[in-house]
Amino acid sequence: MSATQPLPSGPGDRTRALQQALDAASDQGGGTVRLESGVHLCQGLRLRSGVELHLAAGAVLTAVGDYGAFAGNICSVIAEDSDRAFLLARDVERIAITGPGTIDGQGRLWTEGADETMGVRIPARYRPRTLVIENSRGVVLRDFRILRSPMWTIHLVDDQDVRIAALRIDNDLDHPNTDGIVVDRCRDIDIGDCWIRTADDGIVLKTSRDSRGGIRPTERVRVHGCEVQSLSCALKLGTESFGDFRNILFEDCRLQECNRGLGIFSRDGGVFRNIRFQRIHVDCRETPDGYWGSGEALTINVIDRRPAEVRAGIVEDVVVEDVSGGMQGAINLVGGSGLAVRGVTLRNVALRQRPGRLGTALSLDLRPTPVDLVPAATVTGRANAWFKDETGRVIGLVPYPGGMPGVYAENIAGLVLNNVAIDRPDPLPGLWNRESVVVTTRRSDQAPAQAAAQAAAERP
């Protein structure tokens, strides 16, 4: 990437000028397009091979608020009902976006009011993702900011050799489905020293099906030195899990004011193997029932949400070590039927467990369940978030048997707890289990979590 073309800001829509500059740089064998200070309002843009898009200090690349403006940027993976991106790269190599400037998704333009009872805004049905990179390699994302994403912020799909460093992602905390960085069916990914604040998952690994039913693994991913605030799960694998996950490492991260800290969620048939979380500080707090989970430092669960199509894949060879901090919920591990979670080690875990103000942590949260895919006519709610039955109960929330412990493990094969210390209040609050650690192995029809999932699947 050699020649640099400066592009000044200007009034009105700047799409044509910026796209022409990107195309010309690529056609000449590569180069840098530099956005100068000021607002650059654009419709959908395509990134091209060999080109660095540099956002200078004070430059703000701003998305328009019209879904039709992104009709030329159709994505291979549909997320919720989103099939479009503001910035799209497909089948490219040697590309970069660098800072210190800003990309603004104008998320507030993509909401339709608020649901005060659940603590969230109601997102528009059709919203673009901010940046989608598909089937590409040799990608660098470094030193810039993304604000107010309407939907998923960065979505990597079928990519290899991607380096993400020192990004700052700052989304509205009441805007659902605005995941920070989504790594989907990718290989050889390094994410380091990023700061992320979002109402949904912080950094999440997935293996989605593409529009033709294609399935691929996510493997050889390292996440390190990141600070995340998330009202869903800060560092997560799943729930989309059609392909396998292999050789994944999260280390040296700090998770602040999170709903869930660490999570593995098997739903769609893919196998999770050789997963490591190490040297993580967590601060996990209760949230309203509109958010999945509540104050949990670690969640691993296996639920058959497509029982007529495929069994959820096994989770095995997981190590969680050197984890410190606090939680208002519990560590919960649920293996489902057939002991589908195997070989889990918790080592050198020291957590302070204290009650929250909402009481929402007192239930084991098994969402998403089968009802989230095919809701019955009698339920109310929002797809891929929550559904309430005819009594007003949120489907998928189950009280812990005997009250909330510090660690709850149900149907886990080969569980090792080595130097796990949960500091609990004395006297214990109401609806807390007297036992700090509860480990149970039951037949699937007797296990509370599995029974709840099965009831959801069979609900008329």
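Of VAL310, VAL271, VAL302, VAL318, which residue is among the β-branched types (Val, Ile, Thr) and more than 17 Å from VAL344 (Cα to Cα)? Exactly one residue qualifies, and that residue is VAL310.
For the stretch 219-236, the count of residues that are farther than 24 Å from SER294 by Cβ, buried (at least 22 other Cβ atoms within 10 Å of the Cβ), of a type outside the set (A, V, I, L, M) and at pLDDT 95 or above is zero. Take ARG212 and tell me if it is in contact with an Asp or Glu (Cβ under 7 Å, 6 or more places away or on another chain), over 24 Å from GLY119 (Cβ atoms) and surrounded by fewer than 24 Cβ atoms within 10 Å (Cβ to Cβ). Here the answer is no, as ARG212 does not meet what is asked. Checking every residue in the stretch 250-257 against the condition of being closer than 27 Å to GLY326 by Cβ, within 10 Å of the chain's Cα centre (by Cα), among the aliphatic types (A, V, I, L, M) and assigned to a strand (DSSP E or B) gives zero matches.
Summed over the stretch 293-332, the residues that are of a type in the set (Asp, Glu) and farther than 24 Å from GLY243 by Cα give a count of 3. Which residues, taken from the stretch 286-302, are surrounded by 24 or more Cβ atoms within 10 Å (Cβ to Cβ) and either at positive phi or out of contact with any Gly (no Cβ under 6 Å at 6 or more places or on another chain) (or both)? Once the filter is applied, which keeps residues that are surrounded by 24 or more Cβ atoms within 10 Å (Cβ to Cβ) and either at positive phi or out of contact with any Gly (no Cβ under 6 Å at 6 or more places or on another chain) (or both), the stretch 286-302 yields THR287, TYR291, TRP292, GLY293, GLY295, LEU298, ILE300, ASN301. Filter the stretch 50-69 for residues that are of a type outside the set (Ser, Thr, Tyr) and touching a Phe, Trp or Tyr at 6+ places or on another chain (Cβ under 6 Å); which is nearest to ALA25 (Cα to Cα)? Result: LEU55. Considered as a group, the residues in the stretch 353-378 that are surrounded by fewer than 16 Cβ atoms within 10 Å (Cβ to Cβ) and at pLDDT 85 or above include one that is nearest to GLY269 (Cα to Cα), and that residue is GLY359.
Within the stretch 357-373, can one find any residue that is assigned to a helix (DSSP H, G or I), in contact (Cβ under 8 Å) with a residue 40 or more places away in the chain and of a type in the set (Gly, Ala, Ser)? Checked against the condition, which is being assigned to a helix (DSSP H, G or I), in contact (Cβ under 8 Å) with a residue 40 or more places away in the chain and of a type in the set (Gly, Ala, Ser), the stretch 357-373 yields at least one hit. Residue check: is ASN247 in contact (Cβ under 8 Å) with a residue 12 or more places away in the chain, buried (at least 24 other Cβ atoms within 10 Å of the Cβ) and out of contact with any Pro (no Cβ under 7 Å at 6 or more places or on another chain)? So ASN247 does not fit the description; no.
Consider VAL139 carefully, then state whether it is out of contact with any Cys (no Cβ under 8 Å at 6 or more places or on another chain), under 20 Å from ILE248 (Cα atoms) and at pLDDT 95 or above. Steps first, answer last, please.
Numbers: out of contact with any Cys (no Cβ under 8 Å at 6 or more places or on another chain): yes; under 20 Å from ILE248 (Cα atoms): yes; at pLDDT 95 or above: yes.
Yes: the conditions hold for VAL139.
Read through the list (1) of a type outside the set (A, V, I, L, M); (2) surrounded by fewer than 24 Cβ atoms within 10 Å (Cβ to Cβ); (3) touching a strand residue (DSSP E or B) at 6+ places or on another chain (Cβ under 7 Å), then give the number of the only condition that GLN328 fails. Unmet condition: (2).
What strands (runs of 3 or more DSSP E), lying completely within the stretch 4-74, carry at least 2 residues that are loosely packed, with under 14 Cβ neighbours inside 10 Å?
4-7
For the stretch 323-352, filtered to residues that are assigned to a loop (DSSP other than H, G, I, E, B) and either at negative phi or among the hydrophobic types (A, V, I, L, M, F, W, C) (or both), the residue that is modelled with the lowest pLDDT is SER337.
Here ILE78 does not qualify as touching a Gly at 6+ places or on another chain (Cβ under 9 Å) and either of a type in the set (A, V, I, L, M) or part of a strand (DSSP E or B) (or both).
The set of residues in the stretch 66-88 that are within 24 Å of THR98 (Cβ to Cβ) and of a type in the set (Phe, Trp, Tyr) comprises PHE70, PHE86. Taking (1) at pLDDT 95 or above; (2) charged (D, E, K, R); (3) more than 20 Å from ARG347 (Cα to Cα) in turn, ASP289 satisfies each apart from (1). Cβ-Cβ contacts under 7 Å between residues 6 or more apart (or on different chains), taken from a first residue in the stretch 317-344 that is more than 20 Å from GLY414 (Cβ to Cβ) to a second residue that is among the aromatic types (Phe, Trp, Tyr), are listed as ALA330/TYR408. Taken as a whole, the condition of being in a helix (DSSP H, G or I) and either of a type in the set (Asp, Glu) or within 23 Å of the chain's Cα centre (by Cα) (or both) applies to LEU109.
When restricted to residues that are without any contact (Cβ under 8 Å) to a residue 12 or more places away in the chain, more than 28 Å from ASP174 (Cβ to Cβ) and of a type outside the set (A, V, I, L, M, F, W, C), the stretch 374-420 contains 0.
The values are calculated or read from the model by the stated rules, or taken from the named source; none is laboratory data. Since the structure is predicted, the reported quantities are computational estimates derived from the model, not experimental observations. Here the Cβ is made from the backbone with ideal geometry for all residues, glycine too, and neighbour counts use every protein chain on show.
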